[in-house]
Amino acid sequence: MAATDAAATSAAASARGEALPSTSTSTSTSSASGGSISWFDSWYPVAFVKDLDKAKPHRVVLLGIPMVVWWDKNAGAWRVLEDVCPHRLVPLSEGRITPSGLLECGYHGWAFSGDGKCEVIPQQGKSDTPRACATGYHCAVRQGLLFVLPKPLPPALRPSGGANEELAAALAAVAEEESRIPLVSELDEPGGKWLSQDVWRDLPYDWSTLMENVLDSSHVPFTHHASMSNRNVIGPYDIKLTTAISEAGFSGLWKTGPRAGKLGPQSTTFVAPSFMKHRLDSKGFASLTVVYAVPMEPGRCRLINRNVLRFNNAIPEAIFGLVPAWWWHVSSHLLLEDDQIFLHLGEEETARRRAGGLGHSQVWVCYMPSQADTYVIAFQRWLARFGGGGPFGGGGLAADGAAFVEALGPRLSRKQLLDRYSQHTETCASCQQGLKQVGGVAAVARAVTVAAGAAAVFCAAVAVAAAGAAATGAGTVAAAGTAAGGGAATGAASVLSAVGSALVAAAGLVAGPYDPTGVSHMLRAAMWAVLAAAAAAGGARAEALRKLFFEGVYPPPRNLKD
């Protein structure tokens with residue numbers, strides 16, 4: 001999408017303090033400096049560290065800026081550079097990490113250290129000139145997440161460096177910057193015993209659409225009916241704000257809470273610009289639903305989701321810890337896809353109406369008369385008052401509406417919306433490992449099915465032959481002949497090849513000791529047939545599970561059950 005690429009270029013230029021190019025989308029990205037907050041001066045998580053592979057670089061996009069995340073073994077830390085080689089502007093993420101621990105461009109072999117310094121130019125040797133350096137960004141690992149501050153490193157921390165006093169001041173400023181990272185306070189409680197089920201996915205709609213959706217509790221019984229809720233159990237939505245809407249965000253309380261009050265009250269906190277937390281304290285457990293809505297490009301965001309639980313019983317706690325990370329990812333996709341089609345298409349219509357001059361603060365594009373919409377309305381007011389309409393100008397600014405609609409690009413098909421592989425699995429280390437494991441199980445199941453099926457046919461053939469020989473008396477004659485000619489048989493056996501002996505032994509293991517009635521061989525055939533059927537069923541289940549790494553299904557459960 002050309003418009004999206006242009007918006008990404010404008011956003012990256014704005015982050016570096018450069019003049020915005022004169023394009024049709026520059027107005028949408030220039031609004032990033034509007035409002036009371038600075039979008040490029042806020043921290044955003046881009047990945048769970050456990051889902052990153054230290055052996056290769058990873059590409060992410062944040063506020064229109066392409067970035068490469070990679071493990072710097074020399075520093076023992078994750079690094080983030082702009083995903084652009086200064087030589088010919090190709091993506092560094094398409095390169096490799098060298099044995100010496102440098103990030104090497106795959107096009108011409110230029111190699112960079114963690115701060116972006118160019119250490120190797122194969123065509124002319126080492127070079128450390130500023131123009132050869134890649135742009136670095138400050139990152140930090142907190143609570144298992146890699147956070148990035150999307151503005152270039154200060155001059156004192158760049159490869160050219162600065163005087164000792166400048167460096168000390170820069171390091172002090174870095175420490176101060178990190179204190180602003182939005183975290184889940186409960187995870188830092190001493191002895192808190194909070195367990196986190198984590199998942200992420202790149203979604204085909206804007207970060208603001210995602211934030212509205214997760215703040216909206218009233219959609220859950222319907223959109224997620226049968227997958228996590230029930231449309232037949234709905235109570236009052238007595239939701240009220242407990243703080244004023246400010247630049248920092250807002251808080252609220254749902255006094256009755258979900259499931260018609262069966263689970264207790266639920267509190268909600270929105271920390272600007274991209275953090276949301278629901279907290280529910282029930283009798284048997286406490287839970288947090290945490291969402292970071294990470295703005296990537298117009299109409300694209302990364303969901304970082306943490307479902308954090310604390311049990312009052314050791315048994316569910318132990319079971320929770322046994323589930324592999326990739327299973328949480330696969331099972332969570334269903335819930336995300338419950339929303340996916342609604343949000344993608346709803347966002348398109350909302351953007352189209354805003355492009356016509358409507359806005360939440362003017363004519364109310366959406367009709368929201370219920371107290372259930374309290375948080376959504378509050379978020380829209382925050383976006384208009386303090387967020388400048390969003391980093392891409394699509395969150396309510398009518399002047400930017402047309403450019404935002406253009407940047408969204410064409411409507412995606414259902415198949416594209418349900419594409420789990422490109423939106424998650426392809427770049428998730430946990431799911432790549434799970435995919436290999438499940439694929440291995442499926443391959444073993446197929447092999448066992450074939451082998452057990454062949455063994456069943458062989459045993460059945462032996463049973464039929466033995467029964468036929470017994471009926472004609474051939475078995476008795478053969479047995480007598482064997483006893484009388486023992487010497488000759490022994491002599492013949494001595495000339496059997498090792499391969500032949502092995503085959504005979506294998507046949508005995510498969511079919512069992514010779515039974516002239518054929519009954520035991522037929523029982524063996526049935527046993528092998530049962531094993532073949534079980535392996536086939538297991539293989540089918542494994543193959544169905546393997547497909548879950550690639551694509552979702554439609555319609556989701558909400559359409560299938562009363």
(request) Exactly one condition in (1) open to solvent by less than 60 Å² (accessible area, probe 1.4 Å); (2) modelled with pLDDT under 70; (3) part of a loop (DSSP other than H, G, I, E, B) is not met by Leu496; state its number. (result) (1)
(request) Name the helices (runs of 4 or more DSSP H) wholly inside segment 329-434 in which the number of residues that are open to solvent by 30 Å² or more (accessible area, probe 1.4 Å) and modelled with pLDDT under 85 is 3 or more. (result) 401-408
(request) Looking at (1) of a type in the set (Ser, Thr, Tyr); (2) over 30 Å from Leu62 (Cα atoms); (3) touching a Leu at 6+ places or on another chain (Cβ under 8 Å), find the lone condition where Thr209 falls short. (result) (2)
(request) Working only within segment 179-217, note down all residues that are more than 19 Å from the chain's Cα centre (by Cα), farther than 22 Å from Ser42 by Cα and not hydrophobic (A, V, I, L, M, F, W, C). (result) Glu189, Pro190, Gly191, Gly192, Lys193, Asp216, Ser217
(request) Give Gly257, Gly191, Gly264, Gly249 a once-over and let me know the one that is exposed (fewer than 14 other Cβ atoms within 10 Å of the Cβ) and either without any contact (Cβ under 8 Å) to a residue 60 or more places away in the chain or at positive phi (or both). (result) Gly191
(request) May I ask you to verify whether Ala272 is among the aliphatic types (A, V, I, L, M), open to solvent by less than 10 Å² (accessible area, probe 1.4 Å) and in contact with a strand residue (DSSP E or B) (Cβ under 7 Å, 6 or more places away or on another chain)? (result) no
(request) Could you tell me whether Ser196 is crowded, with 17+ Cβ neighbours inside 10 Å and in contact (Cβ under 8 Å) with a residue 60 or more places away in the chain? (result) yes
(message) Between Ala463, Ala447, Ala443, Ala454, which is surrounded by 14 or more Cβ atoms within 10 Å (Cβ to Cβ), modelled with pLDDT of 85 or more, small (Gly, Ala, Ser) and part of a helix (DSSP H, G or I)?
(response) Ala463
(request) Mind listing just one residue for me: the one in segment 541-562 that is in a helix (DSSP H, G or I) and open to solvent by 60 Å² or more (accessible area, probe 1.4 Å) and, of those, nearest to Val220 (Cα to Cα)? (result) Asn559
(message) If a residue counts only when it is open to solvent by less than 60 Å² (accessible area, probe 1.4 Å) and under 26 Å from Asp41 (Cα atoms), which strands (runs of 3 or more DSSP E) contained entirely in segment 78-178 have at least 2 such residues?
(response) 136-142, 145-152
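The values are calculated or read from the model by the stated rules, or taken from the named source; none is laboratory data. This structure is a prediction, so every number in the text was calculated from the model and none was measured. A quick note on method: Cβ atoms are made from the backbone with ideal geometry, for glycine too, and the neighbour counts reach across all protein chains shown. In case anyone asks, the SASA skips ligands and DNA or RNA and just uses the protein heavy atoms, side chains included. Shrake-Rupley method; radii C 1.70, N 1.55, O 1.52, S 1.80 Å.
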